[in-house]
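All remarks here apply to the structure that follows.
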Amino acid sequence: MKNDFTRIEKIMAGQSADIVPLYEHLFNGEMLEAVMGYKLEGDQREVLKKRVQFYQQMGYDYMPYETGPRFARLDGLVTKDTAEMAQGGDRGWVDEHNGAIKDWADLENPDFWPEDIYDYNSFDIITELLPEGMKIIGGCSGGPYEHATFSMGFVPMCMKMQDDPAFVEAYFNKIGETLVAIATRVAKLPVIGVYRYGDDMGYKGATMISPEDLRKYVFPWAKKIVAEAHAAGKKFLLHSCGNLEEVMDDLIDDVGIDAKHSWEDVIMPVTEAKARWGKRIAIFGGVDVDFLCRNTPEQVKEYSKRILDVCGNGGYAFGSGNSITNYVPVKNYLAMVEAWREWNGI
């Protein structure tokens, strides 16, 4: 099967392609090594070459790639990674109770907002490596909400929203201006097929901060980033975990997203999301990661084909509801891909 990015372009426009495209937001390196049988070793170019090879050979019409800006960060919290393929490594996460940005002086600290805040060079390397017919879905990783909570800490930021909303507004402006400037440049790169970032704004029950605060601090900057993608002739894909039901109309009608990824059955199965919003935006993914981890390959295949039966009628790309992590059984990932191949008649 020939890689053909026009499939992504068609489904982003709400149309059908010759096959339903295969999509993943991220693919864990240890999983990739297990699937392909080689190590992601060598310099940056060699590692990127091996990643391109994986996506090309597995049937993806694109390579996901994002790199983040150098905003101020404290060291995160770390524990042992207990996943079967972790190879004795650690798993880290952001400290929600603490952050590098604390007061007005930090907004003017050049160490926290360096001139070389973003590295564009890796896109040049991928441009040389991608075969004909493939492009990148990605750009600058992280949206306004995530970067704000990562640099300040979720709890301190929420406290500031009550105690000093003017500071919070200035803080989001600082982040937003940087992200818009990066998007303006990256979205114009020919290798970018769809501009994308991840901004996890919800948990299982609701949004992490109130819809009103999202509309005040986050969405105005998200709208400007999406506008830069559109000005460059690119569609915009939002990856955002959690329950965003209350703000989906904002994201579609005001922010202007063209597609949405990250679905979890306990919140809203992708089949329901497709029925509710599939005529307004493209829907990506939806094979619930918990189901993917806990069931047999046969059950994964049956479940995957049911999703394709419901969603695979245009405006849809198939894959996991989040990402392929190092705790997804390899045989279950391969069963999901096999179901996709069988359903498409490949």
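The values are calculated or read from the model by the stated rules, or taken from the named source; none is laboratory data. Note that the structure is a prediction, hence the values are computed from the model and not measured. Because the Cβ atoms are built from the backbone with ideal geometry, glycine has one as well, and the counts that use them run over all protein chains shown.
Observations on the structure shown:
- Checking GLY76, GLY59 one by one, the residue that is closer than 30 Å to PRO156 by Cβ and either touching a strand residue (DSSP E or B) at 6+ places or on another chain (Cβ under 8 Å) or without any contact (Cβ under 8 Å) to a residue 60 or more places away in the chain (or both) is GLY76 and no other.
- For the stretch 232-281, a residue qualifies if it is assigned to a helix (DSSP H, G or I) and farther than 20 Å from SER320 by Cα, and the qualifying residues are GLU246, VAL247, MET248, ASP249, ASP250, LEU251, ILE252, ASP253, ASP254, VAL255.
- Failed item, numbered, when ARG70 is tested on (1) over 19 Å from the mean Cα position of the chain (by Cα); (2) charged (D, E, K, R); (3) more than 29 Å from ALA339 (Cα to Cα): (1)
- Any hit, the stretch 293-300, residues being within 21 Å of the chain's Cα centre (by Cα) and buried (at least 22 other Cβ atoms within 10 Å of the Cβ): no
- Criterion (surrounded by 14 or more Cβ atoms within 10 Å (Cβ to Cβ), at pLDDT 95 or above and not in a loop (DSSP other than H, G, I, E, B)) met by exactly one of GLY138, GLY133: GLY138
- Filtered residues of the stretch 30-42 (kept if closer than 23 Å to CYS140 by Cβ and either more than 22 Å from the chain's Cα centre (by Cα) or in contact (Cβ under 8 Å) with a residue 12 or more places away in the chain (or both)): LEU32
- Residue match in the stretch 166-181 (condition: not in a helix (DSSP H, G or I) and not hydrophobic (A, V, I, L, M, F, W, C)): no
- Qualifying residue in the stretch 27-49 (condition: crowded, with 18+ Cβ neighbours inside 10 Å, hydroxyl-bearing (Ser, Thr, Tyr), in a loop (DSSP other than H, G, I, E, B) and at pLDDT 95 or above): no
- Annotation note: Cβ proximity below 8 Å between a residue of the stretch 159-171 that is surrounded by 12 or more Cβ atoms within 10 Å (Cβ to Cβ) and a residue that is acidic (Asp, Glu) and assigned to a loop (DSSP other than H, G, I, E, B) (sequence gap 6+ or interchain) occurs for PHE167/ASP103.
- In the stretch 187-218, residue nearest to LYS234 (Cα to Cα) [restricted to those that are free of Cβ contacts under 8 Å to residues at least 60 places away in the same chain and hydroxyl-bearing (Ser, Thr, Tyr)]: TYR195
- The listed residues are SER320, SER262, SER304, and the only one of them that is buried (at least 23 other Cβ atoms within 10 Å of the Cβ), farther than 14 Å from LEU237 by Cα and in contact (Cβ under 8 Å) with a residue 60 or more places away in the chain turns out to be SER320.
- Residue tally, condition in contact (Cβ under 8 Å) with a residue 40 or more places away in the chain and in contact with a Phe, Trp or Tyr (Cβ under 6 Å, 6 or more places away or on another chain), over the stretch 219-239: 3
- Scanning the stretch 297-345 for residues that are closer than 26 Å to GLY29 by Cα and among the β-branched types (Val, Ile, Thr) turns up VAL300, ILE324, THR325, VAL328, VAL330, VAL337.
- Note on the stretch 199-257: residues that are under 17 Å from ILE281 (Cβ atoms), among the β-branched types (Val, Ile, Thr) and crowded, with 20+ Cβ neighbours inside 10 Å amount to 5.
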